[in-house]
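Participant: This is the structure I have questions about; it appears just below.
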Amino acid sequence: MGDEAVPWRTAMADALYGPTGFFTRAAPGGEQAGGPTGHFRTSAHASPLFATAMLRLVAAVDETLGRPDPLDVVDVGAGGGHLLRRLVGLAPAYLARRLRLTAVELAPPPADLPAEIRWWAELPAVGSLTGLVLGTEWLDNVPLDVAEVGEDGVLRYRLVEPLTGEESPGDPISGEDAQWVQQWWSATPPGPGRRIELGTPRDRAWAAAVAGLDVGLAITVDYGHLSSSRPETGTLTGFYAGRPAEAVPDGSRDITAHVAIDSARAAGEAAAGEPGTVTRQREALLALGVDGARPPVDLAARDPAAYVGALSAASQAAELMDAGGLGGHYWIVQPVGLVLEALPTGLRPA
Ligand SMILES: C[S@@+](CC[C@H](N)C(=O)[O-])C[C@H]1O[C@@H](n2cnc3c(N)ncnc32)[C@H](O)[C@@H]1O
């Protein structure tokens, strides 16, 4: 990692996934060892209820596919494998014996990885999967370029010095990036200082994940924006020790930018050859039966232990469904050759 200014996509790739990158230099899941998961909290970490909801989908897809053997569940950008570990523990025996769980992760596997989970650095081959492909807060970490409108009204790539985060203008944007802006960001009126995070690499990443499925369901969960609500000054940010920090791509912190959800969805639809749907996590979890309601107070007198258990579940559900936090995350739900009745109404394409 030098001190020369480079495009943001290069800087982010190096800072997160290079030899001394934030995600790749240490085994994930090692909070105690100062590993990456100490710097963020995703739905997969927040509560086992998230995995329980995913298991409902896994079971629904399994049934509609006629209980295939194996049934794939691939977690792309699996981090420390939290979601898959929970599925190992939760899956009933009839399903567990056919489940083929794969973590796709650029970081090395954690030392205590359960034997049931395969750990791959790359996506499985095109059309090789029967089952589900999942991603939680993966696409926001896919490196991308950033552009900014200068005083002269020209939209140029931004260059960044990795060790300081200092930026300077580069060449005018061109090629597929210019096309992408035209298609997906043109609703934002141009003006000096407007920043655009160029989503093509995320679109491609999501399309590749969807393309892994021969038949099944792909879901990605992330924070993001739609054409109607693009941020004017960008969302690129760092996360250090669980708090937002300056986006300095020096390898010391997570670097992330919100996902252009509608363009990613379109890329997934093109890969699948059929419509997908977009919803918010709050609605998705409601559709999957997660209930954030507090237990009745009189339960405390009748059955104190049950009351405490129900209260704890309700507060976990509340965190996952908080519209200003995890509940506001988008879900892109992309079926591939699946009988749509398998999905709860809220997750079915119209
Ligand atoms: C914010 S973490 C989320 C981890 C996990 N999904 C969770 O919810 O806790 C993003 C993860 O995506 C991984 N990642 C990003 N791009 C990847 C790629 N192309 N292939 C595999 N893993 C990737 C990173 O290494 C990182 O561990």
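The values are calculated or read from the model by the stated rules, or taken from the named source; none is laboratory data. Note that the structure is predicted; figures quoted are calculated from it, not measured. Methodologically, a virtual Cβ is constructed for each residue, glycine included, from the backbone with ideal geometry; neighbour enumeration extends over all protein chains shown. Ligands, DNA and RNA are stripped out before the accessible areas are found, and what is left, the full protein with its side chains, is counted by its heavy atoms. Shrake-Rupley method; radii C 1.70, N 1.55, O 1.52, S 1.80 Å.
Participant: I'd like to know if the range 79-100 contains one or more residues that are part of a strand (DSSP E or B) and in contact with a strand residue (DSSP E or B) (Cβ under 6 Å, 6 or more places away or on another chain).
Facilitator: Here is the first cut: in the range 79-100, the ones part of a strand (DSSP E or B) are 99-100.
In the following step, the residues that additionally are in contact with a strand residue (DSSP E or B) (Cβ under 6 Å, 6 or more places away or on another chain) were identified as 99-100.
Checked against the condition, which is being part of a strand (DSSP E or B) and in contact with a strand residue (DSSP E or B) (Cβ under 6 Å, 6 or more places away or on another chain), the range 79-100 yields at least one hit.
Participant: Within the range 252-350, considering only strands (runs of 3 or more DSSP E) that don't extend past its boundaries, which have at least 1 residues that are of a type in the set (D, E, K, R) and within 30 Å of residue 234 (Cβ to Cβ)?
Facilitator: Values: elements: 254-256, 277-280, 330-336.
Filter on the range 252-350 gives 254-256, 277-280.
Participant: Is the range 1-16 home to any residue that is within 13 Å of the ligand (Cβ to nearest atom) and either at pLDDT below 95 or open to solvent by 10 Å² or more (accessible area, probe 1.4 Å) (or both)? If you could, list the steps in order and put the result at the bottom.
Facilitator: First, the residues of the range 1-16 that are within 13 Å of the ligand (Cβ to nearest atom): 9, 12-13, 15-16.
Narrowing further to those that are either at pLDDT below 95 or open to solvent by 10 Å² or more (accessible area, probe 1.4 Å) (or both): 9, 13.
Yes: one or more hits.
Participant: Can you name the residue in the range 232-243 that is within 25 Å of residue 332 (Cα to Cα) and under 19 Å from the mean Cα position of the chain (by Cα) and, of all such residues, is farthest from the ligand (Cβ to nearest atom)?
Facilitator: Taking the range 232-243 as the starting set, the residues that turn out to be within 25 Å of residue 332 (Cα to Cα) are 232-239.
Keeping just the survivors that are under 19 Å from the mean Cα position of the chain (by Cα) gives 234-239.
On the way: 234: 19, 235: 15, 236: 15, 237: 13, 238: 13, 239: 9 Å.
The extreme case among them is 234.
Participant: Is it true that residue 346 is open to solvent by 40 Å² or more (accessible area, probe 1.4 Å) and on the phi > 0 side of the Ramachandran plot?
Facilitator: Details: open to solvent by 40 Å² or more (accessible area, probe 1.4 Å): yes; on the phi > 0 side of the Ramachandran plot: no.
For residue 346, the condition - open to solvent by 40 Å² or more (accessible area, probe 1.4 Å) and on the phi > 0 side of the Ramachandran plot - is not met.
Participant: So if I check each of 237, 256, which one is in contact (Cβ under 8 Å) with a residue 60 or more places away in the chain and open to solvent by less than 50 Å² (accessible area, probe 1.4 Å)?
Facilitator: 256
Participant: Continuing with the same structure: Could you please let me know if residue 217 is open to solvent by less than 30 Å² (accessible area, probe 1.4 Å), part of a strand (DSSP E or B) and not β-branched (Val, Ile, Thr)? Walk me through it before giving the result.
Facilitator: Values: open to solvent by less than 30 Å² (accessible area, probe 1.4 Å): yes; part of a strand (DSSP E or B): yes; not β-branched (Val, Ile, Thr): yes.
Taking the combined requirement at face value, the residue satisfies it.
Participant: Follow-up. Of all the residues that make up the range 65-77, how many are without any contact (Cβ under 8 Å) to a residue 40 or more places away in the chain and within 16 Å of the ligand (Cβ to nearest atom)?
Facilitator: Keep residues of the range 65-77 that are without any contact (Cβ under 8 Å) to a residue 40 or more places away in the chain, which gives 66-67, 69.
Keeping just the survivors that are within 16 Å of the ligand (Cβ to nearest atom) gives none.
Matching residues across the range 65-77 total 0.
Participant: Given the criteria surrounded by 15 or more Cβ atoms within 10 Å (Cβ to Cβ), over 30 Å from residue 194 (Cα atoms), among the hydrophobic types (A, V, I, L, M, F, W, C) and away from the ligand (no atom under 11 Å from the Cβ), does residue 95 qualify?
Facilitator: Numbers: surrounded by 15 or more Cβ atoms within 10 Å (Cβ to Cβ): yes; over 30 Å from residue 194 (Cα atoms): yes; among the hydrophobic types (A, V, I, L, M, F, W, C): yes; away from the ligand (no atom under 11 Å from the Cβ): yes.
Here the answer is yes, as residue 95 does meet what is asked.
Participant: Of the conditions (1) within 17 Å of residue 349 (Cα to Cα); (2) within 15 Å of the ligand (Cβ to nearest atom), residue 257 fails just one. Which one is it?
Facilitator: Going through the list (1) within 17 Å of residue 349 (Cα to Cα); (2) within 15 Å of the ligand (Cβ to nearest atom), residue 257 breaks only (1).
Participant: If you scan the range 41-64, which residues turn out to be within 11 Å of the ligand (Cβ to nearest atom) and assigned to a helix (DSSP H, G or I)? Explain how you work it out, then say what you get.
Facilitator: If we filter the range 41-64 for residues that are within 11 Å of the ligand (Cβ to nearest atom), which is where we start, we get 41-46, 50-51.
Of everything in the range 41-64, those that are within 11 Å of the ligand (Cβ to nearest atom) and assigned to a helix (DSSP H, G or I) turn out to be 43, 44, 45, 46, 50, 51.
Participant: Something else: Quick one: count up the residues across the range 226-259 that are at pLDDT 95 or above, within 22 Å of residue 180 (Cβ to Cβ) and among the small types (Gly, Ala, Ser).
Facilitator: 2
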